[in-house]
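Data block below; observations after.
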Amino acid sequence: MDGIPKDILVNCKKCSSPLILDLDLSLMKPPVDEKFCEENPDIIIIPTTQPNEPLEYQEVSSHDNVDYGTIMGDASDLSRKIRVAEEIFNYISGKSTSDHPMCQDCANTVIQNQEKLLNQTKSEIESLEIYLSTLEIKPITQDNSDEYSKLEEEEQSLLAELKNLQLENDQLDREIAVENAILESKNIEYDKIVMNYNTKKQILWDLEDDIRSLNQRKKYLSFLAERLKRTNLLNVLFPIWHEDHFATINGFRVGKLPETPVEWPEINAGLGQCVLLLQNILRKMEMTLENYKLVPCGNSSYIESLKDKKKYSLFKTSGYRILADKFDYALIAYLDCLNQVIVRIENHDTNFKFPYRIFDKHKIDEPGGPGYSIKLSGNSDENWTKAMKFMLINLKWITTWMVKASFKQYCDSIREQSLS
Ligand SMILES: [Zn+2]
């Protein structure tokens with residue numbers, strides 16, 4: 001081998017397996033810095049992966065497992081050989097993407113990959129050439145010129161159309177603005193109408209409430225009116241009752257007893273109430289008295305004779321005995337008036353009978369009774385008081401009868417008579 005080492009400390013850059021350099025590499029002239037090698041004979045230079053990077057220096061130790069034998073015989077020669085190999089590998093590495101040195105298997109793999117890449121690139125070039133041929137500018141012919149001018153015309157036409165469309169768009173925008181303004185005003189108007197409608201509806205509800213309230217009030221008033229119709233106003237205004245042995249009208253006792261003297265003003269007032277009550281009864285019954293006319297005047301009421309126009313006072317003042325006959329005549333006249341009403345009622349309503357009958361012009365009593373005179377003169381106080389009591393009871397019966405339905409029938413018949 002002529003002193004050339006078989007083993008040099010290099011590994012494959014891909015798989016890191018140790019490499020044996022070809023002997024031909026030692027024949028090549030090293031372009032490395034020989035001066036450095038000569039100055040540092042004990043240093044072995046190991047190539048780096050990047051050829052342009054500074055060299056990495058590694059001191060070879062005598063304890064390394066490599067049997068350097070003859071290799072270590074001449075360190076400067078070995079270093080030079082390694083530097084040659086390094087320069088070659090750097091050169092190769094700078095020309096390709098793969099780092100060197102590499103073993104035969106790795107080199108084969110790299111070559112196969114590169115061939116595949118080459119074929120792929122070739123295929124791409126072919127495709128691009130085909131595409132480029134399609135993009136080649138056709139020479140301008142007459143047809144092309146016509147088509148161009150046609151396209152230009154079309155472009156102008158489209159531009160004009162675009163302009164028209166823009167004008168139309170502007171016009172539509174203005175119209176939309178106007179319509180929006182109208183819509184806004186309509187909305188305001190609609191809101192007003194809705195508000196007005198709600199107000200009217202509220203008023204309607206209030207009126208309906210009022211109507212309901214008025215209907216309820218009407219019902220209540222009808223009820224009151226009906227009750228009033230059934231109420232005997234005469235009974236209310238002229239209550240006839242009794243107090244001990246006396247009959248009273250509006251609280252005035254009509255009668256006198258020795259043990260219970262009653263003042264004449266009270267008796268006169270009671271008789272005045274009797275006259276007023278009887279006059280009201282006559283008016284309600286639309287009845288006219290024969291022979292007499294009642295003149296109510298409080299406690300100085302009197303009865304007027306229609307025949308001779310004489311006035312008979314139905315009141316008495318104590319001490320004037322001369323007037324006693326006139327008073328008796330007034331009482332008889334009143335009893336006559338009362339009897340006219342009783343007869344009218346009994347004739348109309350035959351089922352209705354008064355508790356006390358009047359007979360002999362001045363007497364009153366139960367049927368079959370002897371009769372109590374209403375004359376004051378020549379009469380006992382007890383009998384006179386009893387006669388007054390019977391008279392007032394008959395008067396009360398008249399007012400009671402007037403509440404009954406028969407009184408309504410009576411009024412209807414009176415009305416029919418007046419119409420016919
Ligand atoms: Zn390898």
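Residue by residue, here is whether (1) surrounded by fewer than 10 Cβ atoms within 10 Å (Cβ to Cβ); (2) assigned to a helix (DSSP H, G or I) holds:
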site	(1), (2)
ARG83	no, yes
SER93	no, yes
THR97	yes, no
MET102	no, no
ASN108	no, yes
GLN112	no, yes
LEU117	no, yes
SER123	no, yes
TYR131	yes, yes
PHE359 meets each of (1) in contact with a Leu (Cβ under 9 Å, 6 or more places away or on another chain); (2) more than 28 Å from LEU237 (Cα to Cα) with one exception, condition (1)
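Suppose we filter ALA269, ALA247, ALA225 for residues that are without any contact (Cβ under 8 Å) to a residue 12 or more places away in the chain and either closer than 30 Å to SER418 by Cβ or buried (at least 16 other Cβ atoms within 10 Å of the Cβ) (or both); which single one remains?
Numbers: ALA269 fails: without any contact (Cβ under 8 Å) to a residue 12 or more places away in the chain; ALA247 fails: without any contact (Cβ under 8 Å) to a residue 12 or more places away in the chain.
Unique residue meeting the criteria: ALA225.
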Log entry, pairs with first residue in region 97-112 being more than 15 Å from SER16 (Cβ to Cβ), second being hydroxyl-bearing (Ser, Thr, Tyr) and modelled with pLDDT under 85, beta carbons closer than 6 Å, six or more apart or on different chains, reads VAL110/SER98
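The values are calculated or read from the model by the stated rules, or taken from the named source; none is laboratory data. It should be emphasised that the depicted structure is a prediction, and the values quoted were computed from it without experimental measurement. Here Cβ is always computed from backbone atoms with ideal geometry, including for glycine, and neighbour counts include all displayed protein chains.
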